[in-house]
1. If you average 1/r over all unlike Cα pairs in segment 127-255 and invert the result, what Kirkwood radius do you get in angstrom?
2. Collect residues whose amide H, placed 1.01 Å from N in the peptide plane, falls under 5 Å from the amide H of Ile159; neighbours closer than 5 in sequence don't count.
3. Give me the 1.4 Å probe accessible area per residue for segment 86-138, excluding ligands and nucleic acids, in Å².
4. For a Förster distance of 22 Å, can you work out the FRET efficiency between the beta-carbons of Gln181 and Leu97, rounded to the nearest 0.05?
5. Mind ranking Glu198, Glu265 by accessible surface for me, highest first, 1.4 Å probe?
6. Reachable lysines from Lys110, Cα under 30 Å, same-chain residues fewer than 8 places away excluded?
7. Can you divide the C-alpha Rg of segment 1-46 by 2.2 N^0.38 Å and report the result to two decimal places?
8. Can you give me the % of accessible surface on the chain that is carbon or sulfur? Probe 1.4 Å, all protein chains present, nothing else counted.
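The values are calculated or read from the model by the stated rules, or taken from the named source; none is laboratory data. What you are looking at is a predicted structure, and each value in this text was computed from that prediction instead of being measured. When we count neighbours, we look across all protein chains shown, and the Cβ atoms used for this are built from the backbone with ideal geometry, even at glycine. With ligands, DNA and RNA removed, areas are computed over all heavy atoms of the protein, side chains included. Shrake-Rupley method; radii C 1.70, N 1.55, O 1.52, S 1.80 Å.
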Amino acid sequence: MYKKFFGLRENPFNVNPDPRYLFLTRHTQETLACLTYGIQHRRGFILLTGEVGTGKTTLLNKLLGWLRRQRVATSFVFNPGLDSIQFFDYMLADFGLNFESRQKGQMLLKLNKWLLERYLVGGTAVLIVDEAQNLSAEVLEEIRLLTNLETSTEKLLQIVLSGQPELEAKLSQPDLRQLRQRITLRCKTEPLTMEETEQYISTRLRIAGADSRPVFAQDAIEAVHAYSRGIPRVINLLCEHGLVGAYAEQKRPVPVETIQEVASEFKLDVIETSPPAESDESMRLMEAIQTLATFMDKLRRPR
């Protein structure tokens, strides 16, 4: 609806984790390098954590694209509601393995045989589990046992476990200490700085076809960073709604007042009198993101 007005080919701030729009900050590049290093050197278990909306899934999609170009077998599990049998079913199916028996022992034997065959010809396999903070302790323990699939010198299956900061807390529980001890590499996604936020917005606009004319006023970009706290998903939603609001008023570039109105409407302008607890902050960001996403869905529905 606003694309022609702002000279864009596509919506630059979709919330979908499109790897084309992955913005590689220095920290993001280090995180991606950590993941690729761990897989290439068969380190076994890699942990990726980060606050909600900081781009973990987009990063994983970028990693998956690279792995597939390298002809690495991958399985991407993103449903945290699976029980252990369902988890094995999904993982093996995503690896392209057919099996007749649903007994876990038989499934593990087939997986181990397949992994050994790949290893002998120089291949590897990678299991990526997203939203792992919501997995049950039972499923997490089953994932730990997968690291027992190994030769005398190397792990046959490389595992990337990704989740929100709550995953770190879960792994600190005494009954998961064996899993915690298996983690060989840890990496994190972080919120963007003010400079990175400005570059993030301009990069997404450029990919979407924007010309050299400014789309957002400078003080509007500064407001986006302040209200979003550098969380990319919130940046996307503020910018998307800012474009809609500015288009409705036929204003270009998007003025700071439009961003302020968006932030006020969705209570992103609330100033904390004291630093909130991490869990409270996570909950507040989640509620704001969900509210904005619901609103944008309504805007996109045909009338």
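1. 18.0
2. Gly44, Phe45, Ile46, Leu127
3. Per-residue accessible area for segment 86-138 comes out at 53 Å².
4. After rounding, the FRET efficiency stands at 0.15.
5. Reading off the accessible areas and sorting them downward yields Glu265, Glu198.
6. Lys62, Lys155
7. The value comes to 1.77.
8. 50
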